[in-house]
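Bear in mind these aren't lab numbers, they're just calculated from the coordinates by the rules spelled out. Computed from a prediction, not measured in an experiment: that's the story for all the values here. Don't worry about glycine lacking a Cβ; one is built from the backbone with ideal geometry, like all the others, and counts go over all protein chains shown.
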Protein chains: 2
Amino acid sequence: MSKEITARSEDYSQWYNDLILKGGLADYSAVRGCMVIKPYGFGLWEGMRDVLDAKFKETGHQNAYFPLFIPKSFLSKEAEHVDGFATECAVVTHHRLMKDPEGKGMVVDPSAKLEEELIVRPTSETIIWNTYKDWIQSYRDLPLLINQWANVVRWEMRTRLFLRTAEFLWQEGHTAHATAEEAIAETKQMLEVYADFAENYMALPVVRGVKSPAERFAGALDTYCIEALMQDGKALQAGTSHFLGQNFAKAFDVKFSNKENKLDYVWATSWGVSTRLIGALVMAHSDDDGLVLPPRIAPLQVVIVPIYKGDEQKSKIDAKVSELMAQLKKAGVRVKYDDSDNNRPGWKFAEYEMKGVPVRIALGARDLENNVAEVARRDMKTKESLSLDGLSDRIVALLEEIQQQLYSKALAFRDEHITPADTMEEFERLLDEKTGFISAHWDGTTETELKIKEMTKATIRCIPLNNKLEAGTCILTGKPSTQRVLFARAY
Amino acid sequence: MSKEITARSEDYSQWYNDLILKGGLADYSAVRGCMVIKPYGFGLWEGMRDVLDAKFKETGHQNAYFPLFIPKSFLSKEAEHVDGFATECAVVTHHRLMKDPEGKGMVVDPSAKLEEELIVRPTSETIIWNTYKDWIQSYRDLPLLINQWANVVRWEMRTRLFLRTAEFLWQEGHTAHATAEEAIAETKQMLEVYADFAENYMALPVVRGVKSPAERFAGALDTYCIEALMQDGKALQAGTSHFLGQNFAKAFDVKFSNKENKLDYVWATSWGVSTRLIGALVMAHSDDDGLVLPPRIAPLQVVIVPIYKGDEQKSKIDAKVSELMAQLKKAGVRVKYDDSDNNRPGWKFAEYEMKGVPVRIALGARDLENNVAEVARRDMKTKESLSLDGLSDRIVALLEEIQQQLYSKALAFRDEHITPADTMEEFERLLDEKTGFISAHWDGTTETELKIKEMTKATIRCIPLNNKLEAGTCILTGKPSTQRVLFARAY
């Protein structure tokens, strides 16, 4: 099985695709740029969704659901917003098919043309703020803290499984506040929710930062982000949280009477993470033998494989396993006993290695006699023989060790790959030789940022929050700068 | 508050809309036929989804996700299927907007026309069976038991909040089997899962049955259904489970090699319930004062309202409530303490009555002195003063009593409204006078069924499973018949 995976060193991009397809996470579909999320990949998404959803609810948010379709005129109401999304819109123009008069199957019925075209939502600010107009009259209606789990469509020309697909699943929070301060606090709070999730569940260290104007969400005053580093040294934006100011309130005329009984426009935020996180997870931890999943979000944390000859051995093993399973389940461990006789143990080992199950327990007849089991860690590829006495406690601790180890390893890698550059020459050399984030001075203009992007394909990933101020000069223009920002080539 | 609801006796349809809008379940949207599901309504859906999802997983199904878009040619591959959905298709024809050359905002970019139009899925059989072709080769790949939670779009001309909307949320199970027997068993199993959910969670008695050919799902060999009765005597189809035979396997060429190593087409089922269930729930139990929700799926089961003057009284009540809340939460009860001082107790009583919260506890300073609380049941509108000692146990039992009472009441109503008719005259009189299901002999032909529909607007809701055989004659044609079927006017 593992032989079929392309090595990272050989072709990183093919390695990634092999993992997604052969690990059973997703499949290509017949629809351009859209993927099928297979049960194992969807299980991963369900686990991520449940953790995030609980965090949203803890912070006072409620879920709701808004229409899939956005009238074309709505999208146009916020000028920067429509500029950002116009080139990626799937447009519904008709509402009926009919038999082809020439007998060639079904055709669009020309008499069923919509009066106004509908856009399949690329994001929902416009339809939501048009609704908020009816829901918000007074400061008593604020804050309004709503989240939506939904599918969205952005017609990307170059797609990659999970990382960039025409349709993807995500959550989008849309909140309304009485003051700018409150909205900014919400924006930062949700960024921290994302960072906490990435680091403590996905074992993915992230830089918390704010985007340069060129990289902002279309319609935002500020876009906060978490940026992660992949094993090939490219950066990946893992989540964003936007302070939208009063832009959408003005576009949709959403005013409220404040405590002084004066009318003012409402302040807004929006924030989202998507199935793209699965791509980040895969690229951050996996190896040439398959997926490596952090225990806290692995759909399956432990698999038990029996090794036996004949029914008598099998039934003894079964009895012991059923005891162990009960203990593990009681401790909240997601565990499976794979005693199917369709495949041999070696095939199963390779299969669960491919799928990134954190811990594998093999139990044979001789093990049973010796009161031990063979316990293998997916991440380190180590095996040890452990006593069956107290094994479930040991496994629970081991899962936690693996979680921490994956995070430490990814953090060390990330920290080794943040390198300062003080000249354009050094910058370009580092990009090619070492890759990763490059910390450099920038004169603060979009013009310079775009020039550097054109020359090197690197963009400003973020201006880190709590950045150290430091006098310097822009690597491109030599103009004065007060802080370094993080550049990288990115997914 | 309650004054604003139209009485059922006055205008049933307006009563229903009032409940949905004023109960905070949903709102109209700017997009024709699409609704916004508000947080309270979405909370209800989340609860229903979680119960059903657990049942699907218990019966061996896994969730996955398939593309929103279906190539037009796919929809056409199964002849009856496309006939059933062609007139309700939202069609995507372009993938980009551009600035209007004449300066009038944004227009569809004519150069971005899709080679093949995409249909926003009205149901996913075709895109899924096109995928299953790659997933199924051998009997070892079967059964394939997959479910999807998704949004779907059917361009209905006459829409009603929850009952019939252009976009709705649902789940659709799509399973593949090696034999017809296995597929039929799956179809029936999932119908029973739905029936169990409707009766034991929604407190909604249902008739399990099979559809007449005219009412079958487009592309199915048999459609099983659960049919419920609303308070106005109209029937509502609450869930369907389809035996699809080999129709989709043949349309998408999905063959497998069986144990004898011979190629055969795969057998299929599909089954679904949707946000329509919320409409059924509302119409089955509610009254002229607002929603009445069965405890097992009420987002909020108990609300506690303090009645006090001044901070000293308040803090004594707070202390007692916090004790009670802890006990209720420990028992798994969804409870809220509404001590907001924006509104008076009377306003809160009306608000929670409107929202159908099953139990309201009011606690005043004098109650506290007497060691009692006032406990009000939403369903019966009765109040009693109960000792604070052991109150949480009493509340848990009361929630269960309410659940049973709602079911018994709905069952008695339903059973009173199944009436036999032996002549067309009797049939028409019953439809107008008594409403409900009418049990009548039918000659088994679609022609007769359609004629009766044309004359009376009543359709065959189902042929009940385990129907009693009984010789008779068709009410319309007088031809011989072997069993009665259930007719009704329906939503």
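Quick look at the numbers
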item	result
The range B:89-137 and the range B:1-74: distance between their alpha carbon centers, rounded to Å	26
Charge context of A:Trp45, other residues only, Cβ under 13 angstrom, K/R +1, D/E -1	0
Cα centroid separation - the range A:385-443 against the range A:444-472, whole Å	23
Cross-link pairs beyond the 19 Å C-alpha cut-off, checked among A:Lys104/B:Lys72; B:Lys188/B:Lys211; B:Lys55/B:Lys133; A:Lys77/A:Lys250; B:Lys72/B:Lys255	B:Lys55/B:Lys133; B:Lys72/B:Lys255
Partner lysines for A:Lys355 [C-alpha distance under 17 Å; skip if fewer than 8 residues away on the same chain]	A:Lys3, A:Lys22, A:Lys38, A:Lys336, A:Lys381
Cut-off 15 Å between beta-carbons: net charge of the residues surrounding A:Tyr352, Lys and Arg +1, Asp and Glu -1	+3
Neighbouring partner chain Cβ atoms per residue of A:141-152, average, 10 Å criterion	2
Nearby aspartates and glutamates by direct alpha-carbon distance to A:Lys453 (threshold 13 angstrom, same-chain neighbours under 8 apart not counted)	A:Glu215, A:Glu428
Chain A: angle of helix A:12-22 to the longest principal axis, Cα-based, in degrees nearest 10	70
Which of A:Tyr491, A:Tyr12, B:Tyr224, A:Tyr65 has the fewest Cβ neighbours within 10 Å, and the rest in rising order	A:Tyr12, A:Tyr491, A:Tyr65, B:Tyr224
For the protein assembly as shown: Kirkwood Rh in Å [reciprocal of mean 1/r, alpha carbons]	31.2
Neighbourhood net charge (13 Å Cβ-Cβ; Lys/Arg +1, Asp/Glu -1) for B:Ile226	+2
For the range A:178-256 versus the range A:345-363, the gap between their alpha-carbon centres in whole angstrom	38
Ellipsoid semi-axes in whole angstrom, largest first, where each is sqrt(5λ) of the Cα gyration tensor of chain A	43, 30, 24
Contact order relative to length of the range B:96-182, as percent, for alpha carbon pairs under 8 angstrom and 6 or more apart	24
DSSP-assigned coil residues among trypsin sites (Lys or Arg not before Pro) in the range A:252-323, each with at most 13 further Cβ atoms within 10 Å	A:Lys259, A:Lys262, A:Lys309
Modelled FRET efficiency - R0 25 Å, A:Lys381 with A:Glu433, Cβ distances, 0.05 increments	0.30
About the Cα centre, charge dipole magnitude for the range B:418-488 (Lys/Arg +1, Asp/Glu -1 at Cβ), debye	240
From the C-alpha gyration tensor of the range A:295-412, square roots of 5λ in Å	24, 15, 13
Chain A - percent relative contact order, Cα under 8 Å, separation 6 or more	14
Helix-only mean residue ellipticity at 222 nm for chain A, each DSSP H run of n ≥ 4 adding -39500 (n - 2.57), per residue, nearest 500	-11000 deg cm²/dmol
For B:Thr59, inter-copy label distances in nm, listed shortest first [label point 7 Å out on the Cα-Cβ vector]	3.8
Where GluC sites (Glu not before Pro) in DSSP loops with at most 11 other Cβ within 10 Å are excluded, longest remaining stretch of chain B	B:261-491
Kirkwood Rh (inverse of mean 1/r, distinct Cα pairs), the range A:382-489, angstrom	16.3
Relative contact order [Cα under 8 Å, 6+ residues apart], the range B:418-488, whole percent	38
Helix axis angle, A:125-135 relative to chain A longest principal axis, alpha carbon, degrees	70
Scattering curve values for the range A:71-211, log₁₀ I(q)/I(0), Debye with Cα scatterers, q = 0.10, 0.11, 0.17, 0.21 Å⁻¹	-0.52, -0.62, -1.20, -1.42
Exposure proxy ranking, count of Cβ atoms within 10 Å, fewest first, for A:Phe69, A:Phe74	A:Phe74, A:Phe69
Least to most buried among A:Val92, A:Val210 (fewest other Cβ within 10 Å first)	A:Val210, A:Val92
